[in-house]
Amino acid sequence: MELSDIFSFNNLYSAYKKCRLSKQHKGEVIRFEIDLAKNLITINKQIINKTYKLGNYKVFKIFNLKKD
């Protein structure tokens, strides 16, 4: 199986729909959706050409409260 099969436009679109659940009102999601087809094609080309770069991770702390 080739990268182009795994990261086809349809697979990227399906992944996009799953990722946007409960995030559709965020600014970065709205900006991405403005040129959705173009952005998915760009991501596809970058993955196939092995030039895709991940963004920075968001670091956050989780505090667990102790029960009395």
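The values are calculated or read from the model by the stated rules, or taken from the named source; none is laboratory data. Computed from a predicted structure; not experimentally measured. Note that we place each Cβ from the backbone using ideal geometry, even for glycine, and neighbour counts take in every protein chain shown. With ligands, DNA and RNA removed, areas are computed over all heavy atoms of the protein, side chains included. Shrake-Rupley method; radii C 1.70, N 1.55, O 1.52, S 1.80 Å.
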Exercise. Pick from region 8-27 the residues that are aliphatic (A, V, I, L, M) and in a helix (DSSP H, G or I): which of them is most open to solvent (accessible area, probe 1.4 Å)?
Worked result: ALA15
For this session: For region 34-63, name all the residues that are over 18 Å from ILE6 (Cβ atoms) and either of a type in the set (Phe, Trp, Tyr) or touching a Lys or Arg at 6+ places or on another chain (Cβ under 8 Å) (or both).
Result: TYR57, PHE60, PHE63
For this session: Looking for whichever is open to solvent by less than 100 Å² (accessible area, probe 1.4 Å) and in contact (Cβ under 8 Å) with a residue 24 or more places away in the chain here; the options are ILE47, ILE30. Which one fits?
Result: ILE47
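Residue-wise test of (1) among the hydrophobic types (A, V, I, L, M, F, W, C); (2) touching an Asp or Glu at 6+ places or on another chain (Cβ under 6 Å); (3) within 20 Å of LYS53 (Cβ to Cβ).
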residue	(1), (2), (3)
SER4	no, no, yes
SER8	no, no, no
ASN11	no, no, yes
SER14	no, no, no
ILE30	yes, no, no
LYS38	no, no, yes
ILE43	yes, no, yes
Problem set entry | Flag for ILE62 being at pLDDT below 90 and of a type in the set (Val, Ile, Thr) | yes
